[in-house]
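*Asks:* Here it is: the structure, laid out below.
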Amino acid sequence: MATNFWIVDTLSRELLRGHPSTVFFVEDFCGDDLLQNISMEINTAETVFAKKVSADHFLCKCFSPNCQGMNFGNGLFAAAKVINLQDPSLMEFKITVDQRDIPIHILDDGAIRMMFDSARVDKAVVPTLLHSALTGKLIVSVAKCDSDLIVEIRSPKKLLNLSPDIDTFKRIHGYNSFIITSDTHYELDLDYDFCARVFAPKMGLFHDILTPIASVKLAAYWSDRMEKKDLVGFQPSPDRNCHVNLSYGENQTSVTGYCVISTEGQMAIF
């Protein structure tokens with residue numbers, strides 16, 4: 001029996017300019033090995049398998065091409081977009097993933113707002129290989145958040161043109177992804193507070209993405225440095241136009257962004 005799926009461009013209003021994630025709706029979850037293989041076949045940043053529990057409650061499993069778990073959060077935005085597509089009257093609901101309940105609110109203009117537990121950012125030592133990975137870019141500071149390393153560099157223009165050494169990133173121990181960020185009030189006259197690009201080669205993602213989970217961590221980082229709670233971030237990549245609105249709180253952080261459905265298809269694997 002064929003199962004419908006949707007590919008959704010996340011964190012953008014423009015078709016083919018966001019980060020694609022794939023959504024399947026299933027009656028029951030089959031084995032994780034099969035779901036992992038489907039994710040590898042689809043090969044988007046995240047593939048989400050969603051099961052309806054009640055009218056306003058959905059259970060999800062998330063997979064990146066190399067591992068299981070909600071590592072990025074783009075898939076949750078994609079799932080929320082498809083849920084609202086199927087039932088436009090459903091404006092508030094929750095998704096349970098990795099034993100966490102994520103409240104979701106669809107705004108009047110179609111934007112999706114999610115609430116996440118706020119992140120804690122700790123001081124970190126600059127890894128020896130980091131300068132080589134960033135090919136000499138001036139590092140302002142680094143911070144650790146879970147298994148991610150936040151790296152602030154001096155110039156947003158250099159972040160735009162950044163071509164890091166991915167193989168060197170993979171050799172830096174202790175971190176699954178690298179969040180490279182810069183203050184946009186320096187050099188750029190834009191209505192954003194910061195820009196960021198995220199690289200996660202150890203999880204099978206060799207291109208840069210802007211993710212909701214990284215944005216929660218960036219909200220904690222930049223809220224402290226800029227002494228403000230409401231922030232707007234964007235991804236300065238040549239082929240992407242992604243941005244997020246953030247509201248940082250001591251306990252929870254809201255992430256708001258847009259999504260566009262690019263593809264609807266069927267897979268006969270189930």
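*Asks:* Residues of the stretch 168-183 being charged (D, E, K, R) and buried (at least 17 other Cβ atoms within 10 Å of the Cβ), which ones?
*Replies:* Step one: list which residues in the stretch 168-183 are charged (D, E, K, R), which gives 170-171, 183.
183, the sole residue that qualifies.
*Asks:* Would you point out which residue out of 72, 63 is crowded, with 21+ Cβ neighbours inside 10 Å, without any contact (Cβ under 8 Å) to a residue 40 or more places away in the chain and of a type in the set (A, V, I, L, M, F, W, C)?
*Replies:* Details: 72 fails: without any contact (Cβ under 8 Å) to a residue 40 or more places away in the chain.
Exactly one residue qualifies, and that residue is 63.
*Asks:* To continue, here is another question. With respect to residue 255, determine if the residue is touching a helix residue (DSSP H, G or I) at 6+ places or on another chain (Cβ under 7 Å), at negative phi and in contact (Cβ under 8 Å) with a residue 24 or more places away in the chain. Spell out the reasoning first.
*Replies:* Working: touching a helix residue (DSSP H, G or I) at 6+ places or on another chain (Cβ under 7 Å): yes; at negative phi: yes; in contact (Cβ under 8 Å) with a residue 24 or more places away in the chain: yes.
Answer is yes for this residue.
*Asks:* Same structure, new question: Which residues, counting only those in the stretch 81-106, are exposed (fewer than 14 other Cβ atoms within 10 Å of the Cβ) and on the phi < 0 side of the Ramachandran plot? Reasoning before the result, please.
*Replies:* In the first step, residues of the stretch 81-106 are kept if they are exposed (fewer than 14 other Cβ atoms within 10 Å of the Cβ); the result is 86-89, 91-92, 98-101.
Scanning the stretch 81-106 gives 86, 87, 88, 89, 91, 92, 100, 101.
*Asks:* Right, next: For the structure I just gave you, tell me whether residue 186 is over 15 Å from the mean Cα position of the chain (by Cα) and buried (at least 19 other Cβ atoms within 10 Å of the Cβ). Step through it out loud before you land on a result.
*Replies:* Details: over 15 Å from the mean Cα position of the chain (by Cα): yes; buried (at least 19 other Cβ atoms within 10 Å of the Cβ): no.
Taking the combined requirement at face value, the residue does not satisfy it.
*Asks:* Quick one: which residue in 148, 189 is in contact with a strand residue (DSSP E or B) (Cβ under 8 Å, 6 or more places away or on another chain), under 28 Å from residue 16 (Cα atoms) and either outside the structural domain of residue 70 (by TED's automatic domain parsing) or among the basic types (Lys, Arg) (or both)? Before the answer, list the steps.
*Replies:* Numbers: 189 fails: in contact with a strand residue (DSSP E or B) (Cβ under 8 Å, 6 or more places away or on another chain).
Result: 148 is the single residue among 148, 189 that is in contact with a strand residue (DSSP E or B) (Cβ under 8 Å, 6 or more places away or on another chain), under 28 Å from residue 16 (Cα atoms) and either outside the structural domain of residue 70 (by TED's automatic domain parsing) or among the basic types (Lys, Arg) (or both).
*Asks:* Quick check on the stretch 72-116: of everything there that is assigned to a loop (DSSP other than H, G, I, E, B) and within 20 Å of residue 248 (Cα to Cα), which residue is modelled with the lowest pLDDT?
*Replies:* Our first condition is that a residue be assigned to a loop (DSSP other than H, G, I, E, B); within the stretch 72-116, this holds for 72-73, 87-91, 98-99, 107-111.
Retained after the next criterion (residues that are within 20 Å of residue 248 (Cα to Cα)): 72-73, 107, 111.
Details: 72: 92, 73: 95, 107: 98, 111: 98.
Checked the stretch 72-116; the qualifying residue modelled with the lowest pLDDT is 72.
*Asks:* Based on this model, can you work out whether residue 192 counts as in a loop (DSSP other than H, G, I, E, B), under 19 Å from the mean Cα position of the chain (by Cα), over 14 Å from residue 11 (Cα atoms) and not β-branched (Val, Ile, Thr)?
*Replies:* Values: in a loop (DSSP other than H, G, I, E, B): yes; under 19 Å from the mean Cα position of the chain (by Cα): yes; over 14 Å from residue 11 (Cα atoms): yes; not β-branched (Val, Ile, Thr): yes.
Yes.
*Asks:* Something else: Is it true that some residue in the stretch 107-119 is more than 30 Å from residue 183 (Cβ to Cβ) and either loosely packed, with under 14 Cβ neighbours inside 10 Å or aromatic (Phe, Trp, Tyr) (or both)?
*Replies:* Residues of the stretch 107-119 more than 30 Å from residue 183 (Cβ to Cβ): 108.
Pick out the ones that are also either loosely packed, with under 14 Cβ neighbours inside 10 Å or aromatic (Phe, Trp, Tyr) (or both) and you get 108.
Looking through the stretch 107-119, at least one residue is more than 30 Å from residue 183 (Cβ to Cβ) and either loosely packed, with under 14 Cβ neighbours inside 10 Å or aromatic (Phe, Trp, Tyr) (or both).
*Asks:* Mind checking which residues of the stretch 1-24 are in a strand (DSSP E or B) and either in contact with a Phe, Trp or Tyr (Cβ under 8 Å, 6 or more places away or on another chain) or of a type in the set (D, E, K, R) (or both)? Give the steps one after another, and end with the answer.
*Replies:* Start the filter on the stretch 1-24 by keeping residues that are in a strand (DSSP E or B), which leaves 3-10, 19-24.
3, 4, 5, 8, 9, 10, 21, 22, 23, 24, listed by residue number.
*Asks:* Test each condition in (1) more than 18 Å from residue 96 (Cα to Cα); (2) surrounded by fewer than 22 Cβ atoms within 10 Å (Cβ to Cβ); (3) touching a helix residue (DSSP H, G or I) at 6+ places or on another chain (Cβ under 9 Å) for residue 31 and report the one that comes out false.
*Replies:* Failed condition: (3).
*Asks:* Scan the stretch 196-214 residue by residue and report those that are touching a Pro at 6+ places or on another chain (Cβ under 9 Å), more than 17 Å from residue 10 (Cβ to Cβ) and in a strand (DSSP E or B).
*Replies:* 199
*Asks:* Return the residue satisfying two criteria in turn: it lies in the stretch 215-246 and is in a strand (DSSP E or B) and touching a helix residue (DSSP H, G or I) at 6+ places or on another chain (Cβ under 8 Å), and of such residues it is farthest from residue 115 (Cα to Cα).
*Replies:* At the first step, the residues of the stretch 215-246 found to be in a strand (DSSP E or B) are 230-234, 243-246.
Filter once more, so that each one left must be touching a helix residue (DSSP H, G or I) at 6+ places or on another chain (Cβ under 8 Å): 231, 233, 244, 246.
Values: 231: 15, 233: 17, 244: 13, 246: 10 Å.
Per the criteria, the residue is 233.
*Asks:* What pairs come out if I take residues in the stretch 206-226 that are crowded, with 23+ Cβ neighbours inside 10 Å and pair them with residues that are assigned to a helix (DSSP H, G or I) whose C-beta lies under 8 Å away, six or more apart or interchain?
*Replies:* Between residues of the stretch 206-226 that are crowded, with 23+ Cβ neighbours inside 10 Å and residues that are assigned to a helix (DSSP H, G or I), the close pairs are 209/74; 211/74; 212/74; 212/76; 212/77.
*Asks:* Inspect all residues belonging to the stretch 133-150 and state whether any of them is in a helix (DSSP H, G or I) and surrounded by fewer than 17 Cβ atoms within 10 Å (Cβ to Cβ). Before you say what the answer is, go through the steps one by one.
*Replies:* Filtering the stretch 133-150 for residues in a helix (DSSP H, G or I) gives 133.
With surrounded by fewer than 17 Cβ atoms within 10 Å (Cβ to Cβ) added as a condition, the list becomes none.
Checking the stretch 133-150: not a single residue is in a helix (DSSP H, G or I) and surrounded by fewer than 17 Cβ atoms within 10 Å (Cβ to Cβ).
The values are calculated or read from the model by the stated rules, or taken from the named source; none is laboratory data. For clarity, every value in this text was computed on a predicted model and none was experimentally measured. When we count neighbours, we look across all protein chains shown, and the Cβ atoms used for this are built from the backbone with ideal geometry, even at glycine.
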